[in-house]
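The values are calculated or read from the model by the stated rules, or taken from the named source; none is laboratory data. Just so you know, these numbers come straight off a predicted model, no measurement behind them. Virtual Cβ from ideal backbone geometry, glycine too; neighbours counted across all protein chains shown.
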Amino acid sequence: MNAFRKIKNSNFVVNRRYEAMVFLILFLGFFGYLGSHMGIANLLNTIMRTAWDLLMNTVFYIMGITVLTGALGKLMIEFGVVRLLELLLKPLMRPLFNLPGVSALAGVLTFFSDNPAIISLANDKNFSRYFKKYELVSLANFGTSFGMGLIVITFMSGFGYFKPAIIGLVGAVIGAVVSTRMMQRLVRRKMGDACMGDACDMPDSTEVQVSFKSEGGTFLRFLNSILDGGKSGVELGLAIIPGVLVISTLVMIMTFGPKDAAIGYQGLAYEGVPLLPQLAGYIDGVFMFLFGFKDPELVAFPITALGAVGAALSLVKMFVAQNIIDGNVIAVFTAMGMCWSGYLSTHTAMLDTLGYRQLTSKALISHTVGGLVAGVIAHYLYMIITIWIPM
């Protein structure tokens, strides 16, 4: 046994050394390539200035939105609006998503907050008892499809694109249907129809509505709601900082070129080597057909949304400044940003918390397809609607 452990530990050490060597080769190769084009000093200055500008002019702007929407979401929970929405949406859950009616609450809560809201619900036995096992697993895909939805729509509307953002919301809903049902199809045969509790076969019409406790007078409840909701908005705003500063900085360095091509690189914020547009340019016809993207730089948004939708939102301001944004792009961005919601960084943790980490790959595949469908639907829906209604 000791000899086996020594061999196992030795193999582990060797593997970690190979891993370190591969990482260094890729790391030095990537930044060496950028530095050879931009100059090392300019590259470092660009990274620092881009991160600083994102922090000051984008993160705090998004944080302001998260505080306001957090307060609004808490008010809606406290004064029964969420319960009303749950009641109204409940009849749609089974025909659209093949989920029990109480899952409407999960969609509403993630729309007003973020993906992790689904975990506390799924771990609540009073909630999960209405689900079969394969339905509960697909709840991660369902909830993620609406994560930070209110924030995304509010952000897009701030640029004057409210109607396209609503079209994007419709696309996200359809993407959620595809993702949720595909996940159920992939895992149902393996998991069977086992129930999580004693109420999973109960008709939707007889489900007990999940309620929220309210204490104190009306004014006190109002005051506590906006303060607690605003506090949760601050926490969410802080949580997106690493994604925005790290992911967005790297994506922007691979998206935009020098500010002035005649002068060359100056170490300014948002300069870089346009690798992503060059790669996207080889298949720009595909992006044009699927999403209506006329500029290859736009592909940076859905790529970033895979890891963090907050980071993806930070790209929109740059696209607006470059005048390459229109209503169609906003509709597609809203649909894919909402539906994907940084699922690569959250699905593993969500399924691990639910106790089904081994199904992560199936969830990722399903959600990738769902997000692509959401973007395609938003594009063509926008094109059809604008024939009759100017945007």
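Residues are listed down the side, and each one gets a yes or a no for (1) under 21 Å from GLN266 (Cα atoms); (2) not assigned by TED's automatic domain parsing to the domain that holds GLY149:
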site: ASN15; (1), (2): no, yes
site: ILE25; (1), (2): no, yes
site: ILE47; (1), (2): yes, no
site: GLY64; (1), (2): no, no
site: LYS74; (1), (2): no, no
site: ASN98; (1), (2): no, no
Checklist entry - Which ones in region 94-140 are aromatic (Phe, Trp, Tyr) and under 28 Å from VAL67 (Cβ atoms)? => result PHE111, PHE112, PHE127
Checklist entry - Is one or more of the residues making up region 129-137 assigned by TED's automatic domain parsing to the domain that holds ALA308, in contact with a Phe, Trp or Tyr (Cβ under 8 Å, 6 or more places away or on another chain) and surrounded by fewer than 24 Cβ atoms within 10 Å (Cβ to Cβ)? => result no
Checklist entry - Across region 216-238, what is the total count of residues that are in contact (Cβ under 8 Å) with a residue 60 or more places away in the chain and within 25 Å of the chain's Cα centre (by Cα)? => result 11
Next on the checklist: Looking for something modelled with pLDDT of 85 or more and either under 18 Å from LEU359 (Cα atoms) or assigned to a loop (DSSP other than H, G, I, E, B) (or both) - is there at least one such residue anywhere in region 102-122?
Outcome noted: no
Checklist entry - Any residue in region 61-83 that is assigned to a loop (DSSP other than H, G, I, E, B), touching a residue at least 24 places away in the same chain (Cβ under 8 Å) and not polar (S, T, N, Q)? => result yes
Item to check | Residue count for region 249-266, restricted to those that are surrounded by fewer than 20 Cβ atoms within 10 Å (Cβ to Cβ) and either free of Cβ contacts under 8 Å to residues at least 12 places away in the same chain or more than 16 Å from GLU297 (Cβ to Cβ) (or both) | outcome: 7
Checklist entry - So which helices (runs of 4 or more DSSP H) are wholly in region 243-347 and hold at least 3 residues that are within 11 Å of the chain's Cα centre (by Cα)? => result 300-305, 309-321, 327-340
Checklist outcome for this item: Being surrounded by 21 or more Cβ atoms within 10 Å (Cβ to Cβ) and touching a Pro at 6+ places or on another chain (Cβ under 9 Å) narrows ALA305, ALA300 down to just ALA300
Checklist entry - If you go through region 350-364 one residue at a time, do you hit one that is on the phi > 0 side of the Ramachandran plot and among the polar types (S, T, N, Q)? => result no
Checklist entry - Does region 112-126 hold any residues that are surrounded by 22 or more Cβ atoms within 10 Å (Cβ to Cβ) and in contact (Cβ under 8 Å) with a residue 60 or more places away in the chain, and which are they? => result SER113, ASP114, ASN115, ILE118, ALA122
Next on the checklist: Quick test of your reading of the structure: GLY281 fulfils all but one of (1) touching an Asp or Glu at 6+ places or on another chain (Cβ under 9 Å); (2) at negative phi. Name the failing condition by number.
Outcome noted: (1)
Next on the checklist: Any residue at all in region 175-189 that's touching a Leu at 6+ places or on another chain (Cβ under 9 Å), under 20 Å from VAL329 (Cα atoms) and crowded, with 20+ Cβ neighbours inside 10 Å?
Outcome noted: yes
